[in-house]
Amino acid sequence: MHPIAEKYLRKSALPQFFCQGCGDGTIITALMRTVDDLGIIDQVAFTSGIGCCAWIPVFINADCLHTMHGRAIPVATALKLTDPKRKVMVFAGDGDCMGIGGNHLIHAARRNVDITVVMVNNAIYGMTGGQTAPTTPHHATTKTTPMGNVEFPFDACEVAKAAGATYVARWTTAHPRQLTSAMKEAINHKGFAFIEVLSQCPTQSGRMIYGNSDPVAMFNRYKETSVSVARAGKMSAKELVGKIVVGKLHQIEGRAELCDEVYALMSSGGEGLSAETKLASN
Amino acid sequence: MEKVMVIQGNEACVRGAIAAGCRFFAGYPITPASEVAELMAAMLPGKGGIFMQMEDEIASICAVIGAAWGGAKACTGTSGPGFSLMQEGFGYAVSTETPCVIINVQRGGPSTGQPTSPSQQDIYQVKYGSHGDYEVIAYAPSSAQEAFDLTVKAFNAAEKYRVPVFVMSDEVVGHTREKVRIPETLGVVERRKPSLPPGELFPFRAMPGSLRLDGMPAFNQGYNLLVEGQLHDDLGNRAGTQVEASARLLTRICDKILKHDGDLLDVQGRYLDDAEVVVVSYGSTIRPAMQAVRQARAAGIKAGWLKLRIVWPFPDEVIADLAGKVDRIIVPEMNVGKIVREVDRAAHGRAEVVSLPKLGGALHTPSEVLAAIEGRNDRASHR
């Protein structure tokens, strides 16, 4: 076993059960490197929902709540509030985050609670067998869109940004080093951080949507269609069709964070915010 | 010093919760439970506690579960539709043996139903509302005083039995202002620390000779906890495909409640020694029943009353014993007649069991119950 795996994997949960060629292994590695580089294994607190990628933190030997479908974010919010020293990370799939748990995502972003949400996007409901997701491309074929998807996908990063996230980045499993850097940056960012990771699912989205269940082909597609934020800024809308814009998409420093606000109320001894503060915000 | 206050039941629940150590509340506004959230918002920060108004009731129960593993005693309060939305979270809390308290100020249903009118229609939902097999603990206060006392007990039971515990209040109890005595000292069960250090503790293994878990570790104490909603082994690893491990866990989390230490039996009664007819009820419906029994006694009828302060687990033995001594048991409820089925089952044919349902959002009057005692209420249905 690789030394970093030896150090951080939850041995009692092994063997892992991801399909051959799944992107989740790349993300687990990036997560282990993140935790190792930052030296925060004692401070991390993981939550996840339901879906393949929700098992990512389960395989790390740290505290983890493997919760209900879509519900990892409110659980994470409470873990952060009960001890703001925690480094709270959520691993959620696109169905978890954009479908059943979409409401929780936007409200956590609005609150600017200092947690990091990593949304692993394979554009399909993989664990349940390949049904359409809120991220499935328009007109794509899946098990529940056998004649083509009549709906349009969410841009999760735009949703998070619009809802108030103060750090937003997108990478793919073809960018493991950049993903690791982004995770570190997101954890160190004070406020709600959102990272979308496009991740290949050869078993379901490869087979159903892209007509090729070869993980290498899917991986190469990520490489070939990714453009950096800087380069995308110089491209026309037409040129950007079919491209994946990767990099840090958004960051705002200094916006008030939820725990700071809540603990300020507490330290006021129940007196509450001053009249001036309240008036200023009205 | 003992404090005497005149407060509504909803406030009594809040004061009981805080006195029992609640330091985290997450909720969502809903009538007739909104005062619970409002008072928590006003009182918790001054006590070093956290109040969160979440985006919905689903998030509220999830935050309560997160806070519990974060190390806090945590609680939510809701009613009707909100209680329905929380059911998924209740199941997760049962499966993961997460202590938490839920105050349900019952209103009439189904659906939007009857906001601001009382009911006891959720008394089965509290036990059966989430999918799968499980057991919970449910208290039913009938007064502001009991709202305080039983909320304290609910927190204590949650810590001891590691299960969601429900305070099944109703609109009458929630909104009636009456005298509450708050004693100077309360018996509060603190969260027990694990008896074993990290590396040695199996967080989901029952203590030797017990069906209950060892002390509860919190996150970031070195235990590397895996809290898993899927049926799991003693370490928390998924075991949903393992027949024996799954059956063992499911049996234990039910039996730890059903085979309790005796402390989950909480009934009060009067005039039972020589009673021939007894009114059995819970929550606010016991109040007109008590008045009716007094009137019946004054008229020379050998009547008595029995109040179930804990409805779940159901006190089978108490009802069986009672049924062996009396001729008739009358069960008034603000629903179609639910707990009467449990009474009938436990009575096992040894006494006549009469259902006295009342729908529409009003409490029974004493004269309605008295008429049933006298056998002249045609709304009463004999089982």
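The values are calculated or read from the model by the stated rules, or taken from the named source; none is laboratory data. Because the structure is a prediction, the values reported are computed rather than measured. A quick note on method: Cβ atoms are made from the backbone with ideal geometry, for glycine too, and the neighbour counts reach across all protein chains shown.
Points to keep in mind about this one:
- Selection within segment A:19-42 - away from chain B (no Cβ under 14 Å) and outside any helix (DSSP H, G or I): A:Cys19, A:Gln20, A:Gly21, A:Cys22, A:Gly23, A:Gly39
- Output for segment B:135-148, where each listed residue is buried (at least 20 other Cβ atoms within 10 Å of the Cβ) and more than 20 Å from B:Arg15 (Cβ to Cβ): B:Val136, B:Ile137, B:Ala138
- Strands (runs of 3 or more DSSP E) within segment B:271-383 that include 1 or more residues assigned by TED's automatic domain parsing to the domain that holds B:Thr116 and within 16 Å of B:Ser119 (Cβ to Cβ): none
- For A:Ala45, the test of being out of contact with any Leu (no Cβ under 6 Å at 6 or more places or on another chain) and within 9 Å of chain B (Cβ to nearest Cβ) is failed.
- All positions within segment B:219-236 that are more than 7 Å from every other protein chain (Cβ to nearest Cβ) and of a type in the set (A, V, I, L, M): B:Leu231
- Residues within segment B:200-217 that are in contact (Cβ under 8 Å) with a residue 60 or more places away in the chain and surrounded by 21 or more Cβ atoms within 10 Å (Cβ to Cβ), tallied: 2
- For segment B:357-380, a tally of residues being closer than 11 Å to B:Ala289 by Cβ and of a type in the set (D, E, K, R) returns 1.
- Check on B:Ala93, out of contact with any Gly (no Cβ under 7 Å at 6 or more places or on another chain), within 10 Å of another protein chain (Cβ to nearest Cβ) and assigned to a helix (DSSP H, G or I): no
Residue by residue, here is whether (1) surrounded by fewer than 24 Cβ atoms within 10 Å (Cβ to Cβ); (2) hydrophobic (A, V, I, L, M, F, W, C); (3) closer than 30 Å to B:Tyr28 by Cβ holds:
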residue: A:Lys7; (1), (2), (3): yes, no, no
residue: A:Leu14; (1), (2), (3): yes, yes, no
residue: A:Cys19; (1), (2), (3): yes, yes, no
residue: A:Gly25; (1), (2), (3): yes, no, no
residue: A:Asp37; (1), (2), (3): yes, no, no
residue: A:Asp42; (1), (2), (3): yes, no, no
residue: A:Gly49; (1), (2), (3): no, no, yes
residue: A:Ile60; (1), (2), (3): yes, yes, no
residue: A:His66; (1), (2), (3): no, no, yes
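- Meets criteria (at positive phi, at pLDDT 95 or above, surrounded by fewer than 19 Cβ atoms within 10 Å (Cβ to Cβ) and not hydrophobic (A, V, I, L, M, F, W, C)) for B:Gly113: yes
- B:Glu35 more than 30 Å from B:Gly222 (Cα to Cα), within 11 Å of chain A (Cβ to nearest Cβ) and touching a helix residue (DSSP H, G or I) at 6+ places or on another chain (Cβ under 9 Å): no
- Subset of segment B:178-199 that is without any contact (Cβ under 8 Å) to a residue 40 or more places away in the chain and within 14 Å of chain A (Cβ to nearest Cβ) - its residue that is nearest to the chain's Cα centre (by Cα): B:Pro194
- Leading residue by the ranking (surrounded by the most Cβ atoms within 10 Å (Cβ to Cβ)) among those in segment B:67-90 that are assigned to a loop (DSSP other than H, G, I, E, B) and at the interface with chain A (Cβ under 8 Å from one of its Cβ atoms): B:Ala72
- Segment B:237-268, subset aliphatic (A, V, I, L, M) and part of a helix (DSSP H, G or I), residue farthest from the other protein chains (Cβ to nearest Cβ): B:Leu258
- Any hit, segment A:84-93, residues being at the interface with chain B (Cβ under 7 Å from one of its Cβ atoms), part of a loop (DSSP other than H, G, I, E, B) and touching a residue at least 12 places away in the same chain (Cβ under 8 Å): yes
- Of the strands (runs of 3 or more DSSP E) lying entirely inside segment A:173-254, those containing at least 3 residues that are under 29 Å from A:Val150 (Cα atoms) span A:193-198, A:244-251.
- Residue match in segment A:20-43 (condition: in contact with a Gly (Cβ under 8 Å, 6 or more places away or on another chain) and over 18 Å from A:Val197 (Cβ atoms)): yes
- Checking each residue in segment A:51-72 for being facing chain B (nearest Cβ under 8 Å) and not small (Gly, Ala, Ser) picks out A:Val58, A:Asn61, A:Asp63, A:Cys64, A:Leu65, A:His66, A:Thr67, A:Met68, A:Arg71.
- B:Val152 fulfils the conditions (1) outside any helix (DSSP H, G or I); (2) over 16 Å from B:Ala93 (Cα atoms) except for a single criterion, (1).
- Number of the condition not met by A:Thr135 [criteria: (1) of a type in the set (S, T, N, Q); (2) crowded, with 19+ Cβ neighbours inside 10 Å; (3) outside any loop (DSSP other than H, G, I, E, B)]: (3)
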